[in-house]
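Below: the structure, in structure tokens.
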């Protein structure tokens, strides 16, 4: 098994760990009900996907 020859600096370690932060999800307006939704998913407000009724939603 490989062993490091030199100690990694704190900056290198922190740079590697800086990528874990997540971004806010992308949201689009539903073309049927204009409610905000995640793209390429069934709308939780009206139950439509690609202009077709997929899920019955009780309001």
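The numbers here are math on the coordinates, done by the rules we state, and not lab data. Quick caveat: nothing in here was measured; it's all calculated off a predicted structure. Here Cβ is always computed from backbone atoms with ideal geometry, including for glycine, and neighbour counts include all displayed protein chains.
Please give the contour-minus-distance gain from residue 51 to residue 14: 0.36 nm per residue of separation, less the Cα-Cα distance, rounded to one decimal in nm. Intermediate values should be presented prior to the final figure.
Working: separation 37, 0.36 × 37 = 13.32 nm, distance 4.63 nm.
Using 0.36 nm per residue and subtracting the Cα-Cα distance, I get 8.7 nm.
Report relative contact order for the chain in percent, whole number only (criteria: Cα-Cα under 8 Å, sequence separation at least 6). Write down the numbers at each step before the final one.
Details: 46 pairs, mean separation 10.0, N = 59.
Computed value for the chain: 17 percent relative contact order.
What is the distance, in nm, between label points placed 7 Å from the Cα along the Cα-to-Cβ direction at residue 5 and at residue 41?
4.9
Which whole number of Å³ per residue matches the convex hull of the alpha-carbon atoms in the chain? Let's see the in-between values first.
Working: hull volume 9.7 nm³, N = 59.
Once divided by residue count, the hull of the chain is 165 Å³.
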